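The values are calculated or read from the model by the stated rules, or taken from the named source; none is laboratory data. All values derive from a computational prediction rather than experimental measurement. FYI the Cβ positions are ideal-geometry reconstructions off the backbone, even for glycines, and counts take in every protein chain you see. When the accessible area is computed, the model is the full protein with side chains, heavy atoms only, and any ligands, DNA or RNA have been set aside. Shrake-Rupley method; radii C 1.70, N 1.55, O 1.52, S 1.80 Å.
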Amino acid sequence: MAIYYTQSGQMGDIIDSLTAPIIAAGIKVEKVAIKMVNDYAFPWTGTRFFSVMPDCVLGVPAEIKPFELKEKAYDLIIMGYQPWFLSPSIPSNSLLNHPEFKAIIKDTPVITISAGRNMWLNAFVRVRKSLQDAGARLVGNIALVDKHLNPISFITIFYWMITGKKDKYLNLFPKPGVADEDIDHTKVFGDTVLKHLSVNNWNDLQSELLEQKAVIVKYPLMFIEGKAKVIFAAWAKFIAKRKNRAPWLSAFKYYLFIALFLGAPVLLILDAIFIKPFSAKRIRAKKQSYLQVI
Ligand SMILES: Cc1cc2nc3c(=O)[nH]c(=O)nc-3n(C[C@H](O)[C@H](O)[C@H](O)COP(=O)(O)O)c2cc1C
């Protein structure tokens, strides 16, 4: 079974590509696209986009429309999710908190696949923890990203989110989101999953996926996300306590622009001079922690 949430349809296309070889091999794959009771209208407005930040970061779930599962148990469950504000999107977090989902993943092999801009590490750690807490057996992870430069994808994805158009902004910027070739290439990971599913042995799946570059951790992004995670948590806690959130959410928006375009490059330069050269071992261990499923 493959279960996921998507607004633009991108995750639906990815799930189709990933499961294509499995379906072609004659294995029945049930696909479930979850919907929210109060859905997040797509495209977003700027204000609504930032308004979900506190609940995302603080992990406040929302109500999912009832969904039906055909079976009582599955050989494999694939969960497709996307990061929002360095956290699992509210629909994905709501799924992880859903009693029916928690029951069905218990003692079951699970593969996670995310499709974000490029900052998915913290969301993955939280998804992994929720799955483990529910007694699922996480056997594989795939992380798809927008491979363009960090400031570029920030602009193009924001353009996509507030217009709903996954096309070239001003005919000048690259296409936002996960590239079509990368979505198509996901079927190669599907072949690998099929191989393990056929023999019901998941032992080396993640190392094979890593060899196929299904997950890549880039140091500068890991560095920025590590810093941003702590700062987002402070903002989220602060804003959640305000009666009138609007001015603070607006302040957060400006903070984010300045932090990304000014703060991050400065911090990266300072880090490259004073910290990174002396931290090779720590950095390697940190990267490993994001590449592994346990
Ligand atoms: C509110 C919001 C916040 C987002 N924050 C992040 C983020 O922190 N990191 C990231 O890599 N992508 C982020 N994205 C991009 C999403 O992960 C995802 O790629 C995009 O929403 C398309 O997913 P979908 O159409 O399948 O739902 C964000 C998107 C939204 C709507």
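Every condition in (1) open to solvent by 10 Å² or more (accessible area, probe 1.4 Å); (2) over 15 Å from the mean Cα position of the chain (by Cα); (3) more than 9 Å from the ligand (Cβ to nearest atom) holds for Met161 except the one numbered (3). Among the criteria (1) closer than 18 Å to Asp146 by Cβ; (2) over 10 Å from the mean Cα position of the chain (by Cα); (3) hydrophobic (A, V, I, L, M, F, W, C), the one Ile64 does not fulfil is (1).
If you go through region 111-128 and keep only what is assigned to a strand (DSSP E or B) and either farther than 17 Å from Tyr290 by Cβ or within 16 Å of the ligand (Cβ to nearest atom) (or both), you end up with Thr112, Ile113, Ser114, Ala115. Exactly one residue out of Lys241, Lys229 is touching a residue at least 60 places away in the same chain (Cβ under 8 Å) and either under 15 Å from Met119 (Cα atoms) or more than 19 Å from the chain's Cα centre (by Cα) (or both), and it is Lys229.
Can you name every residue in region 67-94 that is farther than 21 Å from Gln292 by Cα, more than 13 Å from the ligand (Cβ to nearest atom) and under 18 Å from the mean Cα position of the chain (by Cα)? Selection gives Ser94 alone. Among the conditions (1) within 17 Å of the chain's Cα centre (by Cα); (2) within 13 Å of the ligand (Cβ to nearest atom), Ala2 misses just one, which is (2).
For region 129-138, indicate whether the set of residues that are within 13 Å of the ligand (Cβ to nearest atom) and surrounded by 18 or more Cβ atoms within 10 Å (Cβ to Cβ) is non-empty. If you could, list the steps in order and put the result at the bottom.
Within region 129-138, the first condition is being within 13 Å of the ligand (Cβ to nearest atom), and the residues that meet it are none.
Scanning region 129-138, I find no residue that is within 13 Å of the ligand (Cβ to nearest atom) and surrounded by 18 or more Cβ atoms within 10 Å (Cβ to Cβ), so the answer is no.
Out of the residues in region 20-34 that are among the β-branched types (Val, Ile, Thr) and touching a residue at least 40 places away in the same chain (Cβ under 8 Å), which is nearest to Ile111 (Cα to Cα)?
Quick first cut of region 20-34, residues among the β-branched types (Val, Ile, Thr) only: 22-23, 27, 29, 32, 34.
Cutting the leftovers down to touching a residue at least 40 places away in the same chain (Cβ under 8 Å) gives us 22, 27, 34.
On the way: Ile22: 14, Ile27: 16, Ile34: 17 Å.
Restricting to residues being among the β-branched types (Val, Ile, Thr) and touching a residue at least 40 places away in the same chain (Cβ under 8 Å), the top hit is Ile22.
Of all residue pairs spaced 6 or more apart or on separate chains, those with beta-carbon atoms under 7 Å, a first member in region 57-86 that is closer than 15 Å to Asp39 by Cβ and a second member that is part of a loop (DSSP other than H, G, I, E, B) and within 16 Å of the ligand (Cβ to nearest atom) are Ala62/Asn38; Ile64/Ile34; Lys65/Lys35; Phe67/Ile34; Gln82/Ser89; Gln82/Gly116; Trp84/Val52. Is there a residue in region 39-55 that is at pLDDT 95 or above, in contact with an Asp or Glu (Cβ under 9 Å, 6 or more places away or on another chain) and within 15 Å of the ligand (Cβ to nearest atom)? No, every residue in region 39-55 fails to be at pLDDT 95 or above, in contact with an Asp or Glu (Cβ under 9 Å, 6 or more places away or on another chain) and within 15 Å of the ligand (Cβ to nearest atom). Being within 14 Å of the ligand (Cβ to nearest atom), among the aliphatic types (A, V, I, L, M) and assigned to a strand (DSSP E or B) is a property that holds for Ala143.
Being in a helix (DSSP H, G or I) and either open to solvent by 30 Å² or more (accessible area, probe 1.4 Å) or away from the ligand (no atom under 16 Å from the Cβ) (or both) is true of Lys102. The C-beta contact set for region 95-122 (first residue more than 25 Å from His196 (Cα to Cα), second residue open to solvent by 40 Å² or more (accessible area, probe 1.4 Å), distance under 7 angstrom, 6+ apart or interchain) comprises Asn97/Pro61; Asn122/Lys229.
On inspection, Val29 fails the criterion of being closer than 30 Å to Val217 by Cβ, within 13 Å of the ligand (Cβ to nearest atom) and in contact with a helix residue (DSSP H, G or I) (Cβ under 9 Å, 6 or more places away or on another chain).
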